[in-house]
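Data block below; observations after.
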Amino acid sequence: MWTLMDISPCGWNVRAKEMAMLLAALACCESALAQVTLTEGSDISVDVSADGRIVMDLLGGIWILPLKGGTAAAIDAGPLPAERPRWSPDATGIVFEARSEQRSGLYLYDLASDEVRSLGEGHHSDRQPEWHPDGERIVFSSQRRDTGLDLWELDVPTGVSWRITSLPGDESEAAWSADGRNLVYVSYHDDRWALMLRRFGEADRVLITSEQRLSAPSWRPDGSLVTFARETGDGVSVNMLILSDPLLERVLIDDTELFNAPVVWIDRQQMLYTANNRIRTRQFNSWVSRTVPFRATVGRPVAQAPKTRPVRNVPVIDEPDGKLVVRAARLFDGTGGGYREGLDILIEGGRIVAIEPQQDRSGSVVVDMGDLTVLPGFIDGYASLPATADERLGPALLSCGVTTLIAAHGDADALSRRWSGAEVPGPRVLEARPADGSDDTVPWLVTLSGDMDSGMEQQLAVEQWQQQGVPVLAETWQAALGSGASLLLGGAALPGSRGGHQYRDMKLAAGSSEPVIIVSGLADVQTPGLDALLASRQAGLLGDSFAPVRRFAGPPRLDSGKTTVVLGSKPNGLPAGLGLHAEFRALAAAGLTPEQALRAAGVNAASALGVGLQLGRIAVGSLADLVIVDGDPLADIETALNVVGVVRNGRFFSTIGLIDRIRKRPSVELFDKPPAKSGLQRVPL
């Protein structure tokens, strides 16, 4: 069984006729799908064609419907979640944005051939496409230089692209005037937003500035004014800026919840916009709007009764003899409620056997860490390990506090065994494997990619994995919808309701009141504190030339009250260790408290793996994985990087000792050479 909450859904794309045939076929037998008709959507975007048709995004799919509303037909937009569709001026194609694990890309759907092709080079995150009126060019935003997001243009017939802005900060959300001579766009720099105008043959001009967000500009067809969204402390309104001398700004639309999408002008008097889960239309000189109704019929897996997951036992390898006592000023046990003070942690072999008030421990080995903080060992729930990883990587990862990681690596078991001893310590490595892997062993995590059809094909296999206690991580929402996967990747990529409303498309996806489990993957170049992390001692141990990429248009947000988050660093492109601490910073920036961020790398991750009583907490019976840090991570998550020592498998290692182990080993390269232009460089340790 899978669940989804209301931070943001992305969905599926199936040809309308294929969906109809599929549903008809399934209706004749015991079916895994149910037919549902949606009449509202979350954060939807619309556009109108020259011949009078509406295109919209809904649940990650692209749909076409008549101008006055009615039945929406899905197009085959490919396997990735799609959004922000825009008609070509001649109404023969639709350009849209689709998101993969680490970047966004632009795609063009041709109505005549019913085919989709990728636009651009595929090495960068390209977003927010808009057509030039000549139908030959597309303007979009992308970070391909060191100046933040810039505006670029792409010649569609040749595929050649060129940069058209290079201001400090970000330039995004461009829109051409109807005559193709003037460009309006949004600039963001030094915590200020600006609406910019470039008239043909003239220098760029600042129209208005704001300390709060400006977005979604759009031209009235006669060029007399520009509409845009303005955020205030009271919400969001669509304002119009009359291009007179002086400029005049007036509120145009002030609905309860406006979606972050440009106003679409049918002509100089009639407009479309999206708000309050609907498509709305109104006349320019009227304050009254009406709904453009739509009906989108989709299929979804029939909810199955939840099954009790079997408990799996984490392998304990090379467990030491003897007893150890760890003492510090305070400890966070991983389950909540702040710090506990004045306690000793008693360890025998590789497990915690008691947590008692501090007292004389004559005859015992006591590691007294003074005025420091003890935390549960950090778990990276979806990490990246290079194929060339060798024993020297283990101590470097422990110096980051990572005591367990889940990664797709051919030698996961061998690395875990090697890193469990005293000579070359490192984190526990639990194997992840693609769903179509051929190995007969049972992994700790199965990953699933593709669209809804491929998810449906894997539905039985997913259920069998889950019956064995193996969680399944879907890399797209479509695969999750089709397969019933229990984990979903990349909460940051998912649009949501600004006002926190749960519209029908979200409720359809949820099918349950239980919160979804999201594997984070939030960090990118915008993450606060990233520069300090990349300049840290741990970065020097792992290689100091890692350059994170720009993955999101703006810093992502999560509703911590409506989702369970598991920390996973693989999507952010940084190596394990650094990637985990980048996720800590990104989770805090997304709205989670430091305690919630620590739980994401602790009890949440352990519970998702089905080992909630063995890892991720400091409790009697748990495995003895501890991190000792200098600072107060419940107040400032960045202090979790100040690792002074680690207990792994019941053995204590100081950070200084871990560094010495690294330096005494022969120099080897730990990281594969990444794909060209990926943002990462090959760095010898």
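Only the coordinates and a few stated rules stand behind these numbers; no lab work does. Being a predicted model, the structure only gives us computed values, none of them experimental. Cβ: placed from backbone, ideal geometry, glycine included. Neighbour counts: every protein chain shown.
Pulled fully out, how much extra length does the chain show between Glu136 and Asp411, if you take 0.36 nm times their separation in residues and subtract their Cα-Cα distance?
Once the chain is fully extended between Glu136 and Asp411, it gains 94.0 nm.
Would you list, by chain and number, the aspartates and glutamates whose Cα falls below 14 Å from the Cα of Lys68, excluding same-chain residues fewer than 8 positions away?
Answer for Lys68, where 14 Å is the Cα cut-off: Asp47, Asp51, listed by chain and number.
If packing is taken as the mean number of other Cβ atoms within 10 Å per residue, what is the order of 322-331, 655-664, highest first?
Descending packing order for the listed peptides: 322-331, 655-664.
What is the spin-label model distance, in nm, from Trp162 to Ser224 if the labels are put 7 Å beyond Cα along the C-beta direction?
Between Trp162 and Ser224, the label points sit 3.5 nm apart.
Taking the simple approach of a point 7 Å from Cα along Cα-to-Cβ for both Glu249 and Asp531, what is their distance in nm?
2.9
Could you sort 414-424, 377-387 so that the peptide with the highest average Cβ count within 10 Å comes first and the rest follow in order?
Per-residue Cβ counts within 10 Å, averaged per peptide and sorted highest first, yield 377-387, 414-424.
Just to check I understand the Karplus step: with θ = phi - 60° and J = 6.51 cos²θ - 1.76 cosθ + 1.60, what whole-Hz values come out for the stretch 190-205, glycine and proline as x?
Per-residue couplings from phi come out as 6, 6, 10, 9, 9, 9, 10, 10, 10, 8, 4, x, 10, 6, 5, 10 Hz.
Which chymotrypsin sites (Phe, Trp or Tyr not before Pro) does the stretch 163-233 hold that lie in a coil by DSSP with at most 12 other beta carbons within 10 Å?
In loop regions of the stretch 163-233 (DSSP not H, G, I, E or B), the sparsely surrounded chymotrypsin sites (Phe, Trp or Tyr not before Pro) are Phe200.
What residues from the stretch 38-81 fall in the zone where the backbone N is under 18 Å from a label point 7 Å along the Cα-to-C-beta line of Asp90?
Answer for the stretch 38-81: 49-53.
Need one number: nm distance between label points at Val206 and Arg340, each 7 Å from Cα along Cα→Cβ, rounded to one decimal.
Roughly 5.5 nm, to one decimal.
Counting Lys +1, Arg +1, Asp -1, Glu -1, what net charge surrounds Val629 among other residues with beta carbon under 13 Å of its beta carbon?
-4
What number comes out for the charge environment of Gly105, summing +1 per Lys or Arg and -1 per Asp or Glu over other residues with Cβ under 9 Å away?
+1
Assuming R0 = 30 Å, can you tell me the calculated FRET efficiency for the pair His189 and Asp632, based on Cβ-Cβ distance, to the nearest 0.05?
Plugging the Cβ-Cβ distance into 1/(1 + (r/R0)^6) gives 0.35.
Cross-link candidates for Lys664: which aspartates and glutamates have Cα within less than 16 Å, leaving aside residues fewer than 8 places away along the same chain?
Output for Lys664: Asp390, Glu391, Glu423.
Setting aside same-chain residues fewer than 8 positions from Lys323, which aspartates and glutamates have a Cα under 16 Å from its Cα?
Asp344, Glu348, Glu356, Asp360, Asp368, Asp625
How much length would be gained if the chain were fully extended between Arg268 and Arg290, taking 0.36 nm per residue of separation minus their Cα-Cα distance, in nm to one decimal?
Length gained, Arg268 through Arg290: 6.2 nm.
Check which residues have an amide H placed less than 5 Å from Leu252's amide H, if you skip close sequence neighbours.
Val238, Asn239, Met240
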